[in-house]
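What follows is a short report on a single structure.
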């Protein structure tokens, strides 16, 4: 039976397993709840049809030898710059070693928490295929809606340093 919950969409509910709090769920509608069960597991729980949909990240690694170029677009400046060879090597290494932070089922405009948009967009041209990445501080995401941490030290100026040191076009 579907729960008859009519609550604001921003309410969350705690989940417990053996009296230990495991996190919280967010209500999507009267049947559906979402839960970040672990760093790399996102669940959609449907109480009406008694199903659980599990989403895991499928990260596409970058191959340094296949990169044609990487540009960086500053949302604030409205300008594009070109990453240097050294920056490309660092970016590829950091992306391939980045760890999962969150999954967002909502639109790209709201994935960076309280800020409405990305700071930087980084199109990566790899074997003539364009892949879009979006960065804010040290957080990055691609089109998979998984957010990753690019800086082990969580340096807020991570992407800004790319912008400062890149070449003007």
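The values are calculated or read from the model by the stated rules, or taken from the named source; none is laboratory data. Quick caveat, the model's predicted, so the values are computed rather than measured. We place every Cβ from the backbone using ideal geometry, glycine too, and count neighbours over all the protein chains shown.
For residue 138, all conditions in the list (1) surrounded by fewer than 20 Cβ atoms within 10 Å (Cβ to Cβ); (2) touching a helix residue (DSSP H, G or I) at 6+ places or on another chain (Cβ under 9 Å) hold save one; what is the number of the exception?
(1)
Could you list, in sequence order, the residues of region 113-169 that are part of a loop (DSSP other than H, G, I, E, B), under 17 Å from residue 95 (Cβ atoms) and in contact with a strand residue (DSSP E or B) (Cβ under 7 Å, 6 or more places away or on another chain)? Working first, answer last.
As a first pass, look at region 113-169 and keep what is part of a loop (DSSP other than H, G, I, E, B): 113-119, 127-128, 137-138, 142-145, 150-157, 166, 169.
Filter once more, so that each one left must be under 17 Å from residue 95 (Cβ atoms): 118-119, 127, 137-138, 142-145, 150-155, 166.
The answer is 118, 119, 138, 142, 143, 145, 150, 166.
For region 157-169, what are the residues that are free of Cβ contacts under 8 Å to residues at least 40 places away in the same chain and either outside the structural domain of residue 69 (by TED's automatic domain parsing) or surrounded by 12 or more Cβ atoms within 10 Å (Cβ to Cβ) (or both)?
Answer for region 157-169, where residues must be free of Cβ contacts under 8 Å to residues at least 40 places away in the same chain and either outside the structural domain of residue 69 (by TED's automatic domain parsing) or surrounded by 12 or more Cβ atoms within 10 Å (Cβ to Cβ) (or both): 157, 158, 161.
Find the residue count for region 74-112, including only residues that are part of a strand (DSSP E or B) and modelled with pLDDT under 85. Step through it out loud before you land on a result.
Taking region 74-112 as the starting set, the residues that turn out to be part of a strand (DSSP E or B) are 74, 79-82, 99-103.
Narrowing further to those that are modelled with pLDDT under 85: 102-103.
Result for region 74-112: 2.
Yes or no: region 18-31 includes at least one residue that is in a loop (DSSP other than H, G, I, E, B), surrounded by 15 or more Cβ atoms within 10 Å (Cβ to Cβ) and outside the structural domain of residue 143 (by TED's automatic domain parsing). Quick ask: steps written out before the conclusion?
Pass one, region 18-31, residues in a loop (DSSP other than H, G, I, E, B): 18-19, 28-31.
Checking the rest, the ones that are also surrounded by 15 or more Cβ atoms within 10 Å (Cβ to Cβ) come to 31.
From what's left, outside the structural domain of residue 143 (by TED's automatic domain parsing): 31.
Within region 18-31, one or more residues are in a loop (DSSP other than H, G, I, E, B), surrounded by 15 or more Cβ atoms within 10 Å (Cβ to Cβ) and outside the structural domain of residue 143 (by TED's automatic domain parsing).
In region 80-94, which residue that is in contact with a strand residue (DSSP E or B) (Cβ under 7 Å, 6 or more places away or on another chain) and in contact (Cβ under 8 Å) with a residue 40 or more places away in the chain is farthest from residue 168 (Cα to Cα)?
Among those residues, the one meeting the criterion is 91.
Tell me, which residue of region 53-70 that is surrounded by 12 or more Cβ atoms within 10 Å (Cβ to Cβ) and in contact with a helix residue (DSSP H, G or I) (Cβ under 9 Å, 6 or more places away or on another chain) is farthest from residue 86 (Cα to Cα)?
My answer is 59.
Could you figure out which of (1) touching a strand residue (DSSP E or B) at 6+ places or on another chain (Cβ under 8 Å); (2) modelled with pLDDT of 85 or more; (3) not in a loop (DSSP other than H, G, I, E, B) isn't true of residue 37?
(2)
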